[in-house]
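Novice: Below is the structure I would like to discuss, written out as structure tokens.
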């Protein structure tokens, strides 16, 4: 966004509007402010969002903005979980039992797994230190891009959207485990939910510290209106507050002891560590 602004003659008039799919249904609109965007432009855009009945949340410029930047960490953990021993169905059912509208693998099949596949290819070049389980790429290399091609993490019958467990996908996951010398372990639904949700929380804390989001409630609104986060928990940052930030840090330190889930990621973001130590909350 900043680069686009810098090559125009009116950089102050450049602003991003990130609608969520399907745009006629989803209420969330991320309004992306560049370092050049003028205040009157922001005011106009926020009024437009209100007129078209969208929930507008202001985001700074970064890869993925607020929602997708956090969601990448959620997806990474879902891949690690199936690599370590969970099934695709278990991960989705655990997320849905927690209250998500859809589990991560069902979301991938609906949105198109080729989107994440393309992002991971870019990550390997631009950010080679970002670790992904190979299961996602292995499934995509089989041409399993989701509902639009009738097969993704699940199989789909022609004309139907009901997910059917896939023997091919399970065989693919088994091969990844064998290639890495991993013996699958039993993973509880509680661990699944904690790793998925706290991955959102840790990245959200980094986003707050960087000023990409101005307040924790903005992040929560993104997840309530754009990502199917359960309303009963009020969003990932409020969930962390309710759980207690010292407890969040304790759980993350436990996850850091797992060599297969990117231990470095589970170092609490500085803001999270600071608030936990001070007995404070995000909201």
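Novice: Could you state the per residue volume, in Å³, of the convex hull enclosing the Cα atoms of segment 1-114?
Specialist: So the per-residue Cα hull volume is 123 Å³.
Novice: For a quick size check, give me the Cα extents of segment 192-283 along its three principal axes, largest first, whole Å.
Specialist: Here the Cα extents, ordered largest to smallest, are 34, 28, 22 Å.
Novice: When the Debye formula is applied to the Cα atoms of the chain, each taken as the same point scatterer, what base-10 log of I(q)/I(0) results at q = 0.14, 0.16 Å⁻¹?
Specialist: Summing over Cα pairs of the chain leads to -1.08, -1.35.
Novice: Same structure, new question: Pulled fully out, how much extra length does the chain show between residue 101 and residue 281, if you take 0.36 nm times their separation in residues and subtract their Cα-Cα distance? Kindly include the intermediate steps, with their values, before the conclusion.
Specialist: Values: separation 180, 0.36 × 180 = 64.80 nm, distance 2.62 nm.
Contour length minus Cα-Cα distance gives 62.2 nm.
Novice: Oh, and also: Could you give me the radius of gyration and the Dmax of segment 43-90, taking only the C-alpha atoms into account and expressing both in angstrom?
Specialist: 17.0, 50
Novice: Something else: Computed over the Cα atoms, what is the radius of gyration of segment 2-59 divided by 2.2 N^0.38 Å, N being its residue count?
Specialist: Here the answer is 1.15, to two decimals.
Novice: Additional query: Would you mind telling me the antiparallel percentage of the DSSP bridges in the chain, rounded to 5?
Specialist: 65 percent
Novice: Now for a separate question. Along its three principal axes, how long is segment 176-230 when you only count alpha carbons? Whole Å, largest extent first please.
Specialist: Cα spread of segment 176-230 along its principal axes, largest to smallest: 44, 25, 16 Å.
Novice: Can I ask one more? When every alpha-carbon pair in segment 140-198 is counted, what percent end up more than 13 Å apart?
Specialist: Every Cα pair in segment 140-198 considered, those over 13 Å come to 69 percent.
Novice: Another question about this same structure. Between segment 122-146 and segment 1-62, how many Å separate their Cα centres?
Specialist: Cα centroid to Cα centroid, the span is 30 Å.
Computed from the coordinates by the stated procedures, all read-outs in this text should not be read as laboratory data. Please read all numbers here as calculations on a predicted model, not as lab measurements.
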